[in-house]
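Encoded as structure tokens, the structure appears first; notes follow it.
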Amino acid sequence: MANKVRVRFAPSPTGGLHLGGVRTVLYNYLFARQHGGDFVLRIEDTDQSRFVAGAEEYIVSCLQWCGLEPDESPMKGGPHAPYRQSERKADYYQYAKQLVDEGYAYYAFDTPEELERMRNEFKSESGNTAQYDQRTRMHMRNSLTMGADETAKLIEAGTPYVIRIKMPAGENLSFTDMIRGEVHFDTSLVDDKVLLKADGMPTYHLAVVVDDYLMQITHAFRGEEWLPSAPVHLLLWKYLGWGDAMPQWAHMPLILKPDGHGKLSKRDGDRLGFPVFAMNWTDPKTGETTQGFKERGFLPEAFINMLAMLGWSSGLEQEIFSLGELVEKFSIERVHKGGAKFDYEKAKWFNHQYIQKLSGEQLTPLIKPYLLEAGIQSDDSYIATVADMIKERCTLLPDFVAQGSFFFKAPEEIDMPSITDKWNGAKKTFFSSFIDALNNLSVWNVETTEQAFNDCVQQQGIKKGEVMLPLRIMLVGGKFGPGVFNIAEMIGKEQTIGRIAKVIDAV
Ligand code: GLU
């Protein structure tokens, strides 16, 4: 029987969660659900110099918001706990040691100054600095050049050391990537990566192999930037004797800047005015907050749908997929090899589509925080009715404030020039008589207010078109909003009359 599918998202908790990271989570999640497998969250925090307080909790909140919850994680636990690499430190040393004992790795005692010297001394003809590799390793201070006794003495004396993999010369390695097909590497071009650092912590290269093995990971989806490291990992799987258990890899295409030139970075978001992180991220060192998709007013379902399509195509015309449909339709074979350009307008289009699917009642709890922020408090049923009336005009959740605040309070700013430009005595008379007619209404609704308006238009012999736009601006503040009599019904008699009177007094 084939092994149960097990996938993992393995972030390093170093800052905001980039949308590319969420897409990796999503593809992992879809694949796991599709195959009845497990989705593991593993925190890769072995690089203590990059540790950022709060980043792990933040990642977990992001996954929660996206609705992509792992089956096993540091918080939830699971059969392969602990899920934080810093807590698995003891496991790694024995494997690094095994590699040294079997001749696949070696101790290296070089100081930072010695490394720097080597990089310059062995520069290539074209001026590229040298790496620690088959060409340079025999000129360095390591267990290969010093022999067993001296090495043992140095270790005993507490000399700091790292353990490096000994990359073989001239081997051609290959594996089949689920997205890219056969990929080949020449081991001569790869440096002797550090596996275990001087602080006893493994590097990513050792930890990822050991943990993918111990956690019985069957498929590993990760960013394209890891492809150059694949030969090191292939060899580690082989050298540790686990070759048959190696997961199938899929290296995700990059998410590119909107113009297609290079990888999309947080800085591009800042520059072009769109979010790149899933949720707000506050850098604890600088205190600077970067806005996320959530706080910008995206619905998680729309965000997820948009990400699914960023690098994958269903082969159908359909673009809107629920998470359930994605689980059904997703196939890693249809993920593109090439990078996917991020298109913020398209992201907003998805959000608009998802907003339309929600009822006013469903939208109410989502838009309430934005209303409150704008100083607007109201009861839920009123908010729900407003939401239904204006959702068509809303793309992001804060749009409900911009598009609907006049339902809750008189507009603060009124586009007066659009009224005064064509103002005349006849219009003034019309609006005075309209106020009287409204005052006399005993039933207040769309029909009665519209009837009163039409009657006044007739009595005053004025063109409807001439007074309709001024009326809208009086009630709303500008040339937007749903049906003007629907607005009148909603805001009530007192507000309607008050807003009209205020403007005619001011012209
Ligand atoms: N810690 C790595 C990262 O954050 C994980 C890569 C992988 O999935 O193997 O990119």
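In table form, for the structure just shown:
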quantity: Single condition PRO258 does not satisfy, out of (1) more than 15 Å from the chain's Cα centre (by Cα); (2) without any contact (Cβ under 8 Å) to a residue 40 or more places away in the chain; calculated: (2)
quantity: HIS205 vs. criteria closer than 23 Å to ASP45 by Cβ, in contact (Cβ under 8 Å) with a residue 40 or more places away in the chain and within 13 Å of the ligand (Cβ to nearest atom); calculated: yes
quantity: Positions within region 22-55 being within 13 Å of the ligand (Cβ to nearest atom), among the polar types (S, T, N, Q) and modelled with pLDDT of 95 or more, in sequence order; calculated: THR24, ASN28
quantity: Hey, GLY181 surrounded by fewer than 16 Cβ atoms within 10 Å (Cβ to Cβ) and at pLDDT below 95 or not; calculated: no
quantity: Contacts under 9 angstrom Cβ, first residue in region 480-507 being part of a helix (DSSP H, G or I), partner at pLDDT 95 or above and among the acidic types (Asp, Glu), 6 or more apart; calculated: VAL484/GLU450; PHE485/GLU447; PHE485/GLU450; ALA488/GLU450; GLU489/GLU447; THR496/GLU489
quantity: Number of the exception - ASP45 against (1) assigned to a loop (DSSP other than H, G, I, E, B); (2) over 24 Å from the mean Cα position of the chain (by Cα); (3) buried (at least 18 other Cβ atoms within 10 Å of the Cβ); (4) of a type outside the set (Ser, Thr, Tyr); calculated: (2)
quantity: Filtered residue count, region 440-465, keeping only those that are in a helix (DSSP H, G or I) and at pLDDT 95 or above; calculated: 16
quantity: The lone exception for ARG164 - which of (1) more than 18 Å from PRO112 (Cα to Cα); (2) part of a strand (DSSP E or B); (3) of a type outside the set (Ser, Thr, Tyr) it fails; calculated: (1)
quantity: Inter-residue pairs, beta-carbon under 9 Å, first of a type in the set (Gly, Ala, Ser) and in region 413-426, second assigned to a loop (DSSP other than H, G, I, E, B), 6+ apart; calculated: SER418/GLY478; SER418/LYS479; ALA426/GLY461; ALA426/ILE462
quantity: Tally of residues being part of a strand (DSSP E or B) and more than 16 Å from the chain's Cα centre (by Cα) across region 1-40; calculated: 6
quantity: Sole exception among (1) surrounded by 12 or more Cβ atoms within 10 Å (Cβ to Cβ); (2) free of Cβ contacts under 8 Å to residues at least 40 places away in the same chain; (3) aliphatic (A, V, I, L, M); (4) in a loop (DSSP other than H, G, I, E, B) for ALA169, by number; calculated: (1)
quantity: Residue list for region 447-478, restricted to those being within 20 Å of ALA410 (Cβ to Cβ) and surrounded by fewer than 17 Cβ atoms within 10 Å (Cβ to Cβ); calculated: MET468, LEU469, GLY478
quantity: Cross-chain or 6+ apart pairs with Cβ under 7 Å, region 39-66 first and on the phi < 0 side of the Ramachandran plot, then at pLDDT below 90; calculated: ASP45/PHE51
quantity: Enumeration of residues in region 212-228 that are within 9 Å of the ligand (Cβ to nearest atom) and either among the aliphatic types (A, V, I, L, M) or more than 22 Å from LEU30 (Cβ to Cβ) (or both); calculated: ALA220
quantity: Meets criteria (assigned to a loop (DSSP other than H, G, I, E, B) and of a type in the set (Gly, Ala, Ser)) for ALA148; calculated: no
quantity: Qualifying positions in region 328-340 - part of a helix (DSSP H, G or I) and out of contact with any Phe, Trp or Tyr (no Cβ under 8 Å at 6 or more places or on another chain); calculated: GLU328, GLU333
quantity: Selection within region 457-473 - under 19 Å from LYS422 (Cα atoms) and over 49 Å from the mean Cα position of the chain (by Cα); calculated: VAL457, GLN460, GLY461, ILE462, LYS463, LYS464
quantity: Checking GLY241 against (1) more than 13 Å from the ligand (Cβ to nearest atom); (2) in a loop (DSSP other than H, G, I, E, B); (3) under 22 Å from ASN28 (Cβ atoms), the condition it does not meet; calculated: (3)
quantity: Qualifying residue in region 14-21 (condition: more than 13 Å from the ligand (Cβ to nearest atom) and in contact with a Leu (Cβ under 7 Å, 6 or more places away or on another chain)); calculated: yes
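The values are calculated or read from the model by the stated rules, or taken from the named source; none is laboratory data. Every value quoted in this text rests on a predicted model; they were computed, and no experiment measured them. Cβ: placed from backbone, ideal geometry, glycine included. Neighbour counts: every protein chain shown.
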